[in-house]
Amino acid sequence: MAGLHKSFGDLEVLRGVDLTVEPGQVVCVIGPSGSGKSTLLRCVNRLEEPTSGEIRVEGIDILDPEIDVDRVRARIGMVFQQFNLFPHLTVLSNLTIAQRRVLGRSKRDAVEVARHNLARVGLMDKVAAYPAHLSGGQQQRVAIARALSMDPDMMLFDEPTSALDPELVGDVLDVMRDLARSGMTMMVVTHEMGFAREVGDQMIFMDDGVIVESGRPRDVLSDPRHARTRAFLSKVL
Ligand code: ADP
Ligand code: MG
């Protein structure tokens with residue numbers, strides 16, 4: 001993405017963001033609350049319309065007014081802090097509904113893909129369960145499996161473990177680590193610095209709508225170059 005700007009009224013939330021995510025890379029995004037991390041991710045899958053700038057995913061200009069927004073969202077999976085499952089649908093139906101409606105898959109194909117992805121996140125035994133009967137960590141793994149069922153080119157994670165009880169965080173991070181190893185392109189907003197250090201190829205520190213610093217996670221974490229990065233890390237590490 002290049003020269004990305006986003007304003008809400010008079011408030012300029014993204015003030016010129018340039019970032020390249022290579023296929024297969026995991027980019028971890030850190031920064032204080034209100035710095036624009038969620039807005040950045042939301043622009044990437046068109047939940048927000050950037051005010052100006054360019055975003056290309058696998059060479060396709062996703063801000064092209066001609067492009068089908070549902071297709072963009074299908075190709076770029078997003079996982080939120082609050083899992084956002086459909087509460088009235090079973091786990092299986094949560095995974096098949098968009099495959100059928102957006103991708104036009106047959107019921108049989110959609111179920112097969114859903115089962116494959118539930119196995120991937122270790123929840124084959126929950127196909128018939130409703131979200132309310134699952135732990136937060138299980139719901140988040142279902143949300144990941146749901147996004148994967150659309151065969152995305154890229155996955156966006158916005159603080160996926162922040163709403164979880166501490167003992168449930170590890171299982172979700174394990175799933176994300178496996179996904180990264182499988183070669184998925186990922187952008188992850190997270191405060192899990194251990195995960196970022198181990199799995200991230202690139203770390204960006206955002207403050208006040210710009211990327212202040214970027215580099216290999218271990219370099220940014222152990223030897224931050226900017227005072228603002230140092231100040232932030234001293235509060236969270
Ligand atoms: P972060 O995820 O880093 O905490 P956000 O991207 O959520 O930051 O928000 C950045 C700024 O944009 C905040 O000041 C927030 O209040 C503002 N903001 C986010 N979404 C909207 C919106 N839909 N309307 C108005 N202001 C918004
Ligand atoms: Mg946020």
Task: Highest to lowest packing among 96-104, 194-202, scored as the average C-beta count within 10 Å - done: 194-202, 96-104
Task: By average C-beta atoms within 10 angstrom, highest first, the peptides 169-177, 13-21, 37-45 - done: 37-45, 169-177, 13-21
- [ ] Using the number of other C-beta atoms within 10 angstrom as an exposure proxy, rank 80, 232, 8 with the fewest first.
- [x] 8, 80, 232
Open item on the list: Given the -39500 (n - 2.57) contribution per DSSP H run of 4+ residues, what per-residue ellipticity at 222 nm results for the chain, rounded to the nearest 500 deg cm²/dmol?
Closed with: -11500 deg cm²/dmol
Task: Calculated FRET efficiency for the pair residue 236/residue 101, C-beta based, R₀ 41 Å, to 0.05 - done: 0.55
- [ ] Specify which residue in the list 155, 5, 118 is farthest towards the positive end of the charge dipole of the chain, using unit charges on the beta carbon of Lys, Arg (+1) and Asp, Glu (-1), about the Cα centre.
- [x] 118
Open item on the list: Taking the number of other C-beta atoms within 10 Å as the exposure measure, put 106, 214 in order starting with the fewest.
Closed with: 106, 214
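Read the figures in this text as sums done on the coordinates, not as results from a lab. Fair warning: this is a prediction, and the values are worked out from it, not measured in the lab. Because the Cβ atoms are built from the backbone with ideal geometry, glycine has one as well, and the counts that use them run over all protein chains shown.
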